[in-house]
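First the structure, in the form of structure tokens, and then the observations on it.
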Ligand code: ADP
């Protein structure tokens with residue numbers, strides 16, 4: 001969980017030039033949820049699935065200037081799924097992004113055994 005939060009918060013701070021980064025935590029429908037919301041450049045719909053794949057970065061000037069490996073989100077999503085959870089993004093170009101981690105508070109036995 002710490003690794004995921006560090007990746008999401010690190011990206012939000014890295015890509016946000018003006019505005020704010022908010023981190024919200026809640027318990028909803030049996031899930032522990034963390035949302036990391038920024039007012040950065042946003043991510044186009046066509047890129048929103050791509051960024052969760054290994055070594056994939058959005059091909060824009062912001063990403064080129066900031067560097068990185070393109071691995072953080074792929075690893076974070078994998079960790080979330082190993083805990084029986086999900087990691088998703090909602091984003092609008094020019095308005096910012098919200099990355100949302102959901103992890104079940106009580107994990108199913110089959111996930112725990114996997
Ligand atoms: P890295 O940040 O090392 O490139 P990640 O897997 O963490 O690798 O992110 C992949 C890509 O997703 C980034 O290169 C960037 O293009 C995009 N991205 C991630 N987080 C954000 C964000 N908060 N705002 C805008 N783009 C983002």
Within the range 48-62, of all residues that are without any contact (Cβ under 8 Å) to a residue 12 or more places away in the chain and in a helix (DSSP H, G or I), the one farthest from the ligand (Cβ to nearest atom) is 61
When the residues of the range 94-106 are narrowed to those that are over 16 Å from residue 7 (Cα atoms) and outside any loop (DSSP other than H, G, I, E, B), which ends up farthest from the ligand (Cβ to nearest atom)? 104
Name the single residue that is nearest to residue 100 (Cα to Cα) among those in the range 35-47 being part of a loop (DSSP other than H, G, I, E, B) and more than 9 Å from the ligand (Cβ to nearest atom). 39
Checking residue 30 against (1) within 12 Å of the ligand (Cβ to nearest atom); (2) surrounded by fewer than 16 Cβ atoms within 10 Å (Cβ to Cβ); (3) on the phi > 0 side of the Ramachandran plot: exactly one of these is not met. Which one? (1)
Residues satisfying the stated conditions in the range 20-46, i.e. in contact with a strand residue (DSSP E or B) (Cβ under 7 Å, 6 or more places away or on another chain), touching a residue at least 24 places away in the same chain (Cβ under 8 Å) and closer than 18 Å to residue 92 by Cβ: 35, 36, 37, 38, 39, 40, 42, 43
Subset of the range 64-93 that is surrounded by fewer than 17 Cβ atoms within 10 Å (Cβ to Cβ) and part of a strand (DSSP E or B) - its residue that is farthest from the ligand (Cβ to nearest atom): 86
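No lab work stands behind these numbers, since they all come straight from the coordinates. Keep in mind that what you see is a predicted model, and the values were worked out from it rather than measured. Reconstructed Cβ throughout: ideal geometry from the backbone, glycine too, with neighbour counts over all protein chains shown.
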